[in-house]
Structure formats: C-alpha cells, structure tokens
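The numbers here are math on the coordinates, done by the rules we state, and not lab data. Keep in mind the model is a prediction, meaning the values are calculated, not measured. Heads up, the Cβs are rebuilt from the backbone with ideal geometry, glycines too, and the neighbour counts pull from every protein chain shown.
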C-alpha cells in the first residue's frame, strides 16, 4: 500500500499548458470536486489526455499529493496543495505516466513539484 496516494473524480477547469526544459508536455489544471477545487499537474501522455478532454470534462485522477510553500515577498509565505497526476481516467479510458529509467519502465518516477503558487 502506498502511503501518499490520492484518488478523486471531478470536473476539469482552467487548463494551462507548459513545456518542461526537456520538452515534455505538462499541464496545470484544477479538478473541481463538489464545492472544492484542487490544483493538479500532469505530464506527457496524461497531460495530452487532459488537454484532449478539455475544460468541463468529468475525469478520475490518481497521484501523489504535496504541499508547496513559496515566499512572494520577504516575510510573506504562501502554501498550496497540489496533486501530481500519474494516471487519469476519461470516458472509461485510463492513461498512465511512465518514464524510461536506465533502460527500464518505471511507473513511479519522482519529479520535482512545481513551486510558484496557483496560476
């Protein structure tokens, strides 16, 4: 059992496309669950699937959670909760993030979380 695994289902909103330094596609978006809104980030095929689904799509996501902290001005600290989505289910189709690691497929690859606050 994983200690840090989050699963939720909701509606996609505010998709923002970003390219990483290595050219991997990345999206930041919100998933709306009831009256709550959660900041999410996804990479590669998962990011492409979310973009293709578009805003308003009903999706299920699975990933890991993190609290990000940053200092916009000296003496001020901000925090946010962010879900890194490693798999997504859209209309019955599941897309998972995988990354080549030393010649092997590795489905649990740690990548740095975004620090900079919500968009």
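Structure values in brief
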| read-out | value |
| --- | --- |
| Residue tally, condition in a strand (DSSP E or B) and surrounded by 13 or more Cβ atoms within 10 Å (Cβ to Cβ), over region 18-27 | 4 |
| Output for region 1-19, where each listed residue is touching a residue at least 12 places away in the same chain (Cβ under 8 Å) and under 22 Å from residue 55 (Cβ atoms) | 6, 7, 8, 9, 10, 11, 12, 13, 14, 15, 16, 17 |
| Filter result (part of a strand (DSSP E or B), over 11 Å from the mean Cα position of the chain (by Cα) and more than 20 Å from residue 91 (Cα to Cα)) within region 28-49 | 36, 37 |
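Yes or no, residue by residue, for (1) touching a residue at least 40 places away in the same chain (Cβ under 8 Å); (2) buried (at least 20 other Cβ atoms within 10 Å of the Cβ):
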residue	(1), (2)
29	no, yes
35	no, no
39	yes, no
42	yes, yes
46	yes, yes
51	no, no
54	yes, no
67	no, no
73	no, no
